[in-house]
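Bear in mind that the values in this text are calculations on the coordinates, not laboratory data. Remember, it's a predicted structure, so these values are computed and weren't measured experimentally. Cβ placement follows ideal geometry from the backbone for every residue including glycine, while neighbour counts extend to all protein chains displayed.
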Amino acid sequence: MLSKPAYAKPGLGKATLKKAQASFGLSKPDLISIQDLAPAEVEGILELTSMVKKHPREFSRTLEGKQIVLMFEKPSLRTRITFEVGMRGLGGNAMFVDQRDAHIDARESLADIAHNLERWVDGIVLRTFEHKTVLQMAEHASVPVINALTDWEHPCQALADFFTLKEHYGDLRKIKVAYVGDGNNVAHSLLLTAAATGSWISIACPAGYETAREVAEAGYELANETGAKIEIMEDPAAAVADADAVYTDVWTSMGEESEGEQRRGVFLPYQVNPKLMKLAKPGALFLHCLPAHRGEEVVDAVIDSEQSVVFDQAENRLHVQKSILMLLLGNSWSANA
């Protein structure tokens, strides 16, 4: 495992930051899906994240005076705290609106909510059940909207995951990532990010729980451009064979609790345990977006092993989200010097 990087001193300097600012940028005003990002933009986010992680003080005033609101229909630990800490670490402010008791649009239309919010804040971060909620907010709001998880995608998580892999392996074009389990929102974003970065990803899901066909087709199309390799199958052993990294997620996502018992029976062959990990390359990393249901999709012997980088992933959510916030909200960020 890699040790935490030492923050360089005295820092980047104004000239380096101005050059970086000119190099990075996003073509779309929102981040709803990994598909909103061109391959070069994904690469740019990962490069900027490296700078932000190594030199946090250099970026501590880049969003000074900016405000974001977080509106969450689902519980959150990593997503909420990393967005709040990240925004404040950039000099701005974040406020949280708990929507767990009622959907965001329970009292008024999303259009009306968007037109209110755009007058008060510089960005909107949503964590919702239905993906269309985020899409509609982005349609009506004139300020950037960020998908902090929907039932369809989890783009911020996947970007942090591939940044973690880049930290450990360097060239993402030379690694194989295996994902085993439910073909859910995390699997969708991982597939699309692998396609954008030119990686090799093998996804194994039980019949009836595969990734959505339209997501796979979008990944295949992008892979033709980037040279990525995408495999979708049912056999977890075949997916994990010779992998550099093995990834899994919970078998029962939020909102699917009534299916829990049925899913445990279906997904048991997809459990990541030492036997399955031995099929990957020696020293292969283990990844999980957390929270983990220990004893279900992964056992303690794997998640607590030296091969596990789950807390690296969690840390990197902070740095990736700082980069996303800067690129979407910071029209003219520059050095603090």
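Miscellaneous remarks
- Verdict on VAL246 being under 30 Å from VAL52 (Cβ atoms), within 20 Å of the chain's Cα centre (by Cα) and assigned to a loop (DSSP other than H, G, I, E, B): no
- Elements of the type strands (runs of 3 or more DSSP E) sitting completely within region 145-242 and holding at least 1 residues that are under 26 Å from LYS275 (Cα atoms) and among the β-branched types (Val, Ile, Thr): these cover 176-180, 200-204, 229-233.
- Candidate set: region 167-193, residues that are hydrophobic (A, V, I, L, M, F, W, C) and more than 27 Å from GLU259 (Cβ to Cβ); chosen: the one surrounded by the most Cβ atoms within 10 Å (Cβ to Cβ): ILE175
- Every residue from region 204-220 that is within 21 Å of VAL42 (Cα to Cα) and touching a Leu at 6+ places or on another chain (Cβ under 9 Å): VAL215, ALA216, ALA218, GLY219
- For region 21-50, residues that are surrounded by fewer than 19 Cβ atoms within 10 Å (Cβ to Cβ) and among the aliphatic types (A, V, I, L, M) total 4.
- Criterion: under 14 Å from VAL180 (Cα atoms), touching an Asp or Glu at 6+ places or on another chain (Cβ under 9 Å) and either loosely packed, with under 13 Cβ neighbours inside 10 Å or among the hydrophobic types (A, V, I, L, M, F, W, C) (or both) - qualifying residue of ILE201, ILE230: ILE201
- Sub-9 Å Cβ pairs linking a first residue in region 93-108 that is loosely packed, with under 10 Cβ neighbours inside 10 Å to a second residue that is of a type in the set (Val, Ile, Thr), at least 6 apart or interchain, are ARG107/ILE113, ordered by first then second residue.
- With respect to being surrounded by fewer than 15 Cβ atoms within 10 Å (Cβ to Cβ), hydrophobic (A, V, I, L, M, F, W, C) and over 30 Å from VAL143 (Cα atoms), ALA241 fits the description.
- ALA114, sole failed condition from (1) under 12 Å from ILE68 (Cα atoms); (2) touching a strand residue (DSSP E or B) at 6+ places or on another chain (Cβ under 9 Å): (1)
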